[in-house]
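Worksheet: one structure, shown below.
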Amino acid sequence: MNALDIRTVTPSEFPDWLRALNTGFLRPPTPPEEEVSGRLAYTDLSRTRGAFDAGRCVATFRSFAQELTVVGGATVPTDAVTNVTVSPTHRRRGLLSRMMAADLAEAKEGGDVAATLIAAEYPIYGRYGFGPAAQATVWEVDVHRTGLDPHRRVPADGDGGRIDLVDGAEVRKLGPVLHDRLRARQHGAVSRDDRWWNLLTGQQLFPHDHWTEPFYAVYRGADGTVDGLLIYRADDNWGDAKQPLNGAKVRDMIAVTPAAERALWHFLCSVDWISTIRTGIRPADDLLPLLLPDPRAARVVTQADFLWVRVLDVVRALEARTYAVPGSLVLEIRDAAGFAAGRFHLDATPDGATCAPTTRSADLALDVRELGTLWLGDESALRLAALGLVEELTPGATAKADAVFRAARRAWCPDVF
């Protein structure tokens, strides 16, 4: 094990690093030259780690700078972790633990409030202090059961808005501004860079992706402002009796007003030949089912943990967000890695909070994993206590924490990274 060398990757080692990454994700191992050059252009090698055995890469790890929106609309700098693999020949040798420890230490030193990731497997990341902080839900809509009138105008008469089909160039201009409006109001959302919009519009390709141009629809409010964007593809499926049975898959849907959200979903349900719709990643409390006359036409096909959070700076994390009700709590945070360990006094209000280390007796004791789970307001402290994951040291403190931390709407991260 000591012979295994963990280090940041050089440009000459990057093709071998990609081979190890592809191996871990069960993709064809050898990357084509266009994939190497395309990915190298946006990869920060100073944050790209590999484990090497006799010069061959056998584990991969990458991070990048990100902004995360917290409850109340503020953003905090975070360390986004991705591209984590260990080759099947080198499992159980502590390689991920060593790469994660080095990355989190750098993130803490660099001033990141937390680290984030999308967990491919549930059991891995809790031991590094990450907790599931936002869920993802995917619905499938049976269009013919929605109860929507196929002859009804979309948007509805009196709405004042309109829907236009646009091209990728227009999306690259309108999308970033619209997404910034969304993440200013949606806790759990993360920042997107230019590459994200290039991928959505075919200017760059995901590795191993064959580009098929989608449809782009924008909703403009009565004043002409773009308040919604829908990106979808449709397949070509006809039944034996010559009935259209086409399915639509939503790649991205951003709506910053209820009118935009309603109009875009109703528009997609009104497109000729479409029989079913897969919604893509939506919040667990999405409005979609209740926007339909028959909500049972939308059935949940996926509901699972999605965004995981690892708090690195307790004071800044707790002071960044707002809280549903006022309350004062002393939290004992356990953190085996030491980044967030300590006792902290939180004085929370709906307008913000103060937080500071303290020597006062703790009201609740919990691991940093559970702090990450509670931080974005998506989980109940009472549920965690019932599972033995939160220890109540002052009678009534768990119920108080539940009321203080919970948010009115569910956390949502629309993006895989």
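The values are calculated or read from the model by the stated rules, or taken from the named source; none is laboratory data. These numbers were taken from a predicted model, which means no experiment stands behind them. For neighbour counting, all protein chains shown are included, and Cβ atoms are generated from backbone atoms with ideal geometry for every residue, glycine included. Accessible surface areas use protein heavy atoms only, side chains included; no ligands, DNA or RNA. Shrake-Rupley method; radii C 1.70, N 1.55, O 1.52, S 1.80 Å.
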Given 20 °C and 1.002 mPa s, how large is the Stokes-Einstein diffusion coefficient of segment 237-360 in µm²/s, with Rh as the Kirkwood radius over Cα pairs?
114 µm²/s
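Would you calculate, for the chain, the mean residue ellipticity at 222 nm contributed by helices, counting each DSSP H stretch of 4 or more residues as -39,500 (n - 2.57) and dividing by all residues, to the nearest 500?
After summing the helix terms and dividing by residue count, I get -7000 deg cm²/dmol.
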How much accessible area does Trp265 have with a 1.4 Å probe, in Å² rounded to the nearest 10?
0 Å²
Which shape class applies to segment 341-417: rounded if a/c is under 1.5, otherwise prolate when a/b exceeds b/c and oblate if not, where a ≥ b ≥ c are the square roots of the Cα gyration tensor eigenvalues?
prolate
Around Val84: net Lys/Arg minus Asp/Glu count, Cβ-Cβ under 14 Å
+4
To the nearest 10 square angstrom, what accessible area does Leu245 show with a 1.4 Å probe?
80 Å²
Accessible-area composition of the chain, carbon plus sulfur, in percent [1.4 Å probe]
51 percent
With every protein chain left in place, what is the accessible area of Cys269 in Å² (1.4 Å probe, nearest 10)?
20 Å²
Long-range alpha-carbon pairs in segment 168-267, meaning those over 22 Å apart, account in percent for 37 percent
Given contacts defined as C-alpha pairs under 8 Å and at least six residues apart, what's the relative contact order of segment 1-49, whole-number percent?
47 percent
For segment 1-126, what are the per-bin percents of Cα-Cα distances with bins 10 Å wide, up to the bin holding the maximum?
13, 42, 33, 10, 2
Regression test value, accessible area per residue of segment 53-181, probe 1.4 Å, units Å², expected 46 Å²
Before I look further, what does segment 237-307 give for accessible area per residue, probe 1.4 Å, in whole square angstrom?
47 Å²
Using only the heavy atoms of the protein chains and a 1.4 Å probe, how would Asp142, Asp227 rank by accessible area, largest first?
Asp142, Asp227
In whole percent, what relative contact order does the chain give with Cα contacts below 8 Å and a gap of six or more residues?
18 percent
Picking from Thr201, Thr358, Thr373, which is most flexible by a Gaussian network model of the chain using Cα springs under 10 Å?
Thr358
Under-5 Å amide H pairs with Gln204, H placed in peptide plane, nonlocal only
Leu199
Counting Lys and Arg as +1 and Asp and Glu as -1, each charge on the Cβ, what is the dipole of segment 38-155 about the Cα centre in debye, to the nearest 20?
400 debye
Determine the dipole magnitude for segment 271-359: charges of +1 sit on the beta-carbon of Lys and Arg, -1 on that of Asp and Glu, nothing else is charged, the reference point is the Cα centre, and the result goes in debye to the nearest 20.
240 debye
Lys and Arg at +1, Asp and Glu at -1: add these up for the other residues within a Cβ distance under 12 Å of Val36 and post the number.
-3
Given a Förster distance of 51 angstrom, what is the FRET efficiency for Ala222 paired with Thr8, based on the Cβ-Cβ distance and rounded to 0.05?
0.45
Of Lys242, Lys400, which has the most accessible area and how do the rest follow, probe 1.4 Å?
Lys242, Lys400
Just to make sure I understand: if all protein chains stay in place, what is the order of His266, His210 by accessible area at 1.4 Å, largest first?
His210, His266
Quick one: putting +1 on the C-beta of Lys and Arg, -1 on the C-beta of Asp and Glu, what dipole do you get for the chain around its Cα centre, in Debye to the nearest 20?
540 debye
Provide the net charge surrounding Arg296, with neighbours chosen by a C-beta distance below 11 Å and charges set as Lys +1, Arg +1, Asp -1, Glu -1.
0
Compute the projected area of the convex hull of the Cα atoms of segment 100-176, averaged over all viewing directions, and report it in nm² to one decimal place.
10.6 nm²
Charge dipole of the chain about the Cα centre (unit charges at C-beta), most positive-ward option of Ala184, Ser328, Thr69
Ser328
